[in-house]
Amino acid sequence: MSTLSQRLSEFGYATGWRLTRRLPKSFGSATFAFGADMAARRGGGGVRQLRANLARVVPQAGEAELDELVRRAMRSYARYWFETFRLPAMDHAAVAKQVTVTGAENIDAALAEGNGAVMTLPHSGNWDIAGVWLASYAGTFTTVAERLKPESLYRRFVSFRESLGFEIVPLTGDSAAMRLLLRRLRENKVVVLLGDRDLTSSGIPVRFFGEQTHLPPGPARLAATTGAALLPTGCWFTEDGWEIRIHPRIRVTQRAEVPAATQALADVFAGDIAAHPADWHMLQPFWPADSAATALEEAS
């Protein structure tokens with residue numbers, strides 16, 4: 001991304017945080033939904049990739065059904081950003097009460113054992129809202145943030161999430177982040193990781209919706225190293241709120257079990273995504289076949 005593009009991106013996010021919270025909720029929601037519909041009709045690169053991803057999730061869908069699913073998915077993605085921009089000014093205690101949660105007892109059981117919990121979830125629904133609920137339920141937790149450019153944009157996102165009660169660790173590619181996550185688990189804390197998009201070169205091969213791809217190894221490795229409970233978690237939108245499902249623990253006690261545990265994560269993620277496909281916000285290439293096609297298109 002060029003320096004100009006980075007500055008424009010930062011300006012857009014800064015404007016969103018500054019202005020969106022001042023809009024009447026109904027007007028702002030309608031405006032974001034309209035923008036989502038326009039984006040779906042234009043069918044840019046991200047929308048085309050979203051369509052390709054969702055075609056794997058609902059392979060039985062015809063063209064018209066897939067068109068409607070993409071439109072709803074873009075509205076869901078727009079809702080995520082509308083809520084995110086408004087969240088700093090919202091009553092976080094009230095927000096937490098609007099979240100419907102099943103499986104909270106799995107967090108309780110993990111912390112009762114004393115080895116912490118690794119909650120891992122896909123890019124679905126509003127994971128920042130899920131974090132607000134978790135902070136109200138279990139206290140401050142630790143998560144990892146991709147190092148965005150420019151640095152000022154990254155700092156803006158860190159400040160935003162810290163204001164919600166998250167402890168942010170930068171994803172730098174060295175071992176510093178892993179050491180801190182290990183320390184937090186050994187202190188019997190909760191670590192939360194987005195687990196459906198592999199940003200490393202060491203992803204674990206899995207079958208996902210019938211096709212091979214890679215998921216990040218971090219969640220299962222952390223659990224195997226520390227004895228922490230590995231808790232797959234799903235979140236999605238309801239009409240007037242949010243829902244979180246914390247699934248039962250996936251047992252992983254040694255490094256040799258990491259591939260199987262990661263496949264088990266993939267299976268749980270796939271079940272939740274199949275049940276709520278419009279709320280899976282994956283506008284990037286996810287399967288190697290699409291990544292290769294995108295690289296070839298960019299090179300030509």
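Calculate the FRET efficiency for Asp37 and Arg155 from the Cβ-Cβ distance with a Förster distance of 35 Å, rounded to the nearest 0.05.
Numbers: r = 33 Å, r/R0 = 0.93.
Computed FRET efficiency for Asp37 and Arg155: 0.60.
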Practice problem: For Ala30 and Arg179, compute 0.36 nm times the residue count separating them, minus their Cα-Cα distance, and round to one decimal in nm. | Solution: 49.2 nm
Practice problem: Send over the Kirkwood Rh of region 3-89, from the inverse of the averaged 1/r over different Cα pairs, rounded to one decimal Å. | Solution: 14.2
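Please get the size of the charge dipole for region 71-113, origin at its Cα centre, with Cβ charges of +1 on Lys and Arg and -1 on Asp and Glu, quoted in debye to the nearest 20.
Numbers: 6 positive and 5 negative charges, 120 e Å.
Dipole about the Cα centre, nearest 20: 580 debye.
Over all distinct Cα pairs, what is the inverse of the mean 1/r for region 69-117, reported as the Kirkwood hydrodynamic radius in Å? If you can, show how the numbers build up before the last one.
Working: mean 1/r = 0.0731 Å⁻¹.
13.7 Å is the Kirkwood radius here.
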Quiz item: Among all stretches of the chain without exposed GluC sites (Glu not before Pro) (DSSP loop, at most 15 other Cβ atoms within 10 Å), which one is longest?
Solution: 1-186
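How much of the accessible area of region 92-276, in percent, comes from carbon and sulfur atoms when a 1.4 Å probe is used?
Values: 3950 of 7910 Å².
Carbon and sulfur atoms account for 50 percent of the accessible area of region 92-276.
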Practice problem: Apply the Karplus parameterisation 6.51 cos²θ - 1.76 cosθ + 1.60, with θ equal to phi minus 60°, to every residue of region 277-284 and state each ³J(HN,Hα) to the nearest whole Hz, in sequence, with x for glycine and proline. | Solution: x, 5, 9, 8, 8, 10, 9, 10
Quiz item: Where Rh denotes the Kirkwood radius from the mean inverse Cα pair distance, what is Rg over Rh for region 42-129?
Solution: 1.09
Self-check item: Accessible solvent surface per residue of the chain, calculated while the other protein chains remain in place, 1.4 angstrom probe, Å²
Solution: 48
Quiz prompt | Debye, to nearest 20: dipole size of the chain, +1 on Lys, Arg Cβ, -1 on Asp, Glu Cβ | solution = 760
Quiz prompt | Isotropic mean projected area of the C-alpha convex hull, region 193-286 (nm²) | solution = 6.3
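Where does the chain land on the Kirkwood hydrodynamic radius, alpha-carbon pairs, in angstrom? Kindly include the intermediate steps, with their values, before the conclusion.
On the way: mean 1/r = 0.0500 Å⁻¹.
Result for the chain stands at 20.0 Å.
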Quiz item: Using +1 on the beta carbon of Lys and Arg, -1 on that of Asp and Glu, and nothing else charged, what's the dipole of region 31-176 about the Cα centre, debye to 20?
Solution: 700
Quiz item: Which value in deg cm²/dmol, rounded to the nearest 500, describes the helix-derived mean residue ellipticity at 222 nm for the chain, given -39,500 (n - 2.57) per DSSP H run of n ≥ 4 and division by the residue count?
Solution: -17500 deg cm²/dmol
Quiz prompt | Part-to-part distance (alpha-carbon centres) for region 170-227 and region 94-164, which is given in Å | solution = 15
Self-check item: Net charge of neighbours whose Cβ lies under 11 Å from the Cβ of Glu83, counting Lys and Arg as +1 and Asp and Glu as -1
Solution: +3
Quiz item: Along the charge dipole of region 3-89, Cβ charges K/R +1 and D/E -1, which of Gly44, Ala55, Phe27 sits furthest on the positive end?
Solution: Phe27
Self-check item: Residue (of Val118, His92, Tyr77) at the positive-pole extreme of region 47-143, dipole from beta-carbon charges
Solution: Tyr77
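The values are calculated or read from the model by the stated rules, or taken from the named source; none is laboratory data. All figures in this text were calculated on a predicted structure; none of them were measured in a lab. FYI the Cβ positions are ideal-geometry reconstructions off the backbone, even for glycines, and counts take in every protein chain you see. Ligands, DNA and RNA are excluded from the accessible area calculation, which covers all protein heavy atoms including side chains. Shrake-Rupley method; radii C 1.70, N 1.55, O 1.52, S 1.80 Å.
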